[in-house]
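Asks: The following block contains the structure, expressed as structure tokens.
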Amino acid sequence: MINPEFMDLIKSEETKIYLNEPMSLHTTFRIGGNADCLCEVKSVESLRNIITLCREYCVPYFILGLGSNLLVSDNGIRGVVIKLGGKFNEINYIDNEQICCGAGVTLAGLCVAARNMSLGGLEFAWGIPGSVGGAVYMNAGAYDGEIKDVVISSTYMNEKGEIHSYNKSEHDFSYRHSVYSDMNNIILNVTFQLKRKNQDEITDRMQELMDRRRTKQPTNHPSAGSVFKRPKGYYAAALIEECNLKGCTVGGAQVSEKHSGFIVNNGGATAQDVKTLIEHIKKEVKEQKGVELCCEIKYI
């Protein structure tokens, strides 16, 4: 139970407040119990005030993007879930082929905006179901491209409400990792260095990659994207398939019959179903192939 005094204070902020909010409505897996409180903040000042209040009242908080790489517990999330809206959804052209956008912007929205400005470099991200903040947090990538290739700086807020920035080299980007992966700093906005390109060429490349996704990935079922990181020297999906696990089910969770690297929600899947299936996959791959799979999905 959250302190009523705390609730009265955050309600006075410029935010949308949702109590006992089902997290299944906010994750691409369509799985998750209720959050005690979900707040959609619209400005840096509102964000600062809320995390300050969380610290003062010892209320845990979690920053939520588009929920595309998350598995939320069936028991939900205690404390406050914070979504970035308002100013965090703005995209601005700077100059010298640079775009600055809020962390709440969808990757799809950013890709379209860049194309409309005749700026290339983000085509690989078209179809990745996430926010800009989430993409930088985990150095999202696909089809030989990664966020690290185009990010030149980002601004963040630390737990004390102070605002600082990282330049390109300070992001410590590596495979599905950034400096943000190891700390609780909140990404506010990101600046991208792109390149002038013909709009038709950009559109054609985006369409080509989207067609490939639809052909190879289970886009017609709820999922959290690729479940496992790529093991060195192997492909997780190939290992899973070689272990005869394609189509394997636990409750409503299933190893996709279209792409073994995905677990899909076939209807009514629980977080426990997914966790049990993940552990079964890891066990079988380890026993049969001698390879340790590392989960890419974050469990909350």
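Asks: Pairs of lysine in the range 1-148 with Cα under 17 Å and at least 8 positions apart or on different chains: total?
Replies: 7
Asks: Something else now. Calculate, for residue 199 and residue 3, the FRET efficiency according to 1/(1 + (r/R0)^6) with r their C-beta to C-beta distance and R0 51 Å; round to the nearest 0.05.
Replies: Numbers: r = 53 Å, r/R0 = 1.03.
With R0 = 51 Å, the Cβ-Cβ based efficiency is 0.45.
Asks: For a quick check: with amide H placed at 1.01 Å from N, whose amide H comes under 5 Å from residue 105's, ignoring anything fewer than 5 positions away on the same chain?
Replies: Those lying under 5 Å, H to H, from residue 105 are 132, 133.
Asks: Continuing with this model, one more query. Can you give me the relative contact order of the range 71-134 as a percent, contacts being Cα pairs under 8 Å and 6 or more apart?
Replies: So the answer I get is 28 percent.
Asks: Right, here's the next one. Could you list the chymotrypsin sites (Phe, Trp or Tyr not before Pro) in the range 230-276 that lie in coil according to DSSP, counting only those with at most 15 other Cβ atoms within 10 Å of their Cβ?
Replies: Passing both the DSSP loop test and the Cβ count: 234, 235.
Asks: Okay, next question. Would you please classify the overall shape of the chain from the alpha carbon gyration tensor, given that a ≥ b ≥ c denote the square roots of the eigenvalues, rounded means a/c under 1.5, and beyond that prolate means a/b larger than b/c while oblate covers the rest?
Replies: Here the chain falls in the oblate category.
Asks: Right, another one. Using θ = phi - 60° and the Karplus relation 6.51 cos²θ - 1.76 cosθ + 1.60, list the HN-Hα couplings for the range 182-194 in order, rounded to whole Hz, with x at every Gly or Pro.
Replies: Per residue, the Karplus-derived 3J(HN,Hα) values read 10, 8, 9, 5, 9, 5, 9, 8, 9, 10, 10, 9, 10 Hz.
Asks: Would you please give the FRET efficiency between residue 208 and residue 272, computed as 1/(1 + (r/R0)^6) with r the Cβ-Cβ distance and R0 = 45 Å, to the nearest 0.05?
Replies: Efficiency computed from Cβ-Cβ geometry: 0.70.
Asks: On to the next question. How many angstrom lie between the C-alpha centres of the range 54-70 and the range 71-87?
Replies: 5 Å
Asks: Please state the charge dipole magnitude for the range 4-86, taken about the Cα centre, from unit charges on C-beta atoms (+1 on K and R, -1 on D and E), reported in debye and rounded to the nearest 20. Each step should come with its number before you reach the end.
Replies: On the way: 8 positive and 10 negative charges, 51 e Å.
That gives a dipole near 240 debye.
Asks: Taking 8 Å as the Cα distance limit and 6 or more residues as the minimum spacing, I'd like the relative contact order of the chain as a percentage.
Replies: 17 percent
Asks: What whole-number distance in Å separates the alpha-carbon centres of the range 96-114 and the range 209-223?
Replies: Here the two parts' Cα centres lie 22 Å apart.
Asks: Rounded to whole Å, give me the distance from the Cα center of the range 242-300 to that of the range 1-45.
Replies: So the two Cα centres are separated by 30 Å.
Asks: Just to check I understand the Karplus step: with θ = phi - 60° and J = 6.51 cos²θ - 1.76 cosθ + 1.60, what whole-Hz values come out for the range 139-154, glycine and proline as x?
Replies: 6, 4, x, 5, 6, 6, x, 9, 4, 4, 6, 10, 7, 10, 6, 8
Asks: Turning to a different aspect of this structure: Starting at the first residue of the range 39-53, write each ³J(HN,Hα) from the Karplus equation 6.51 cos²θ - 1.76 cosθ + 1.60 with θ = phi - 60°, in whole Hz, x for Gly and Pro.
Replies: Residue by residue, the range 39-53 yields 10, 9, 8, 10, 8, 4, 5, 5, 4, 4, 5, 6, 5, 5, 5 Hz.
Asks: Can I ask one more? Summing -39500 (n - 2.57) over the DSSP H runs of n ≥ 4 in the chain and dividing by its residue number, what mean residue ellipticity at 222 nm do you reach, to the nearest 500 deg cm²/dmol?
Replies: So the calculated ellipticity at 222 nm is -8500 deg cm²/dmol.
Asks: Would you calculate the volume per residue, in Å³, of the smallest convex hull containing every Cα atom of the range 124-220?
Replies: Values: hull volume 11.0 nm³, N = 97.
Taking only Cα atoms, the range 124-220 has a hull volume of 113 Å³ per residue.
FYI, it's all coordinate maths here, none of it is from the lab. Since this is a predicted model, take the numbers as computed values, not measurements. Because the Cβ atoms are built from the backbone with ideal geometry, glycine has one as well, and the counts that use them run over all protein chains shown.
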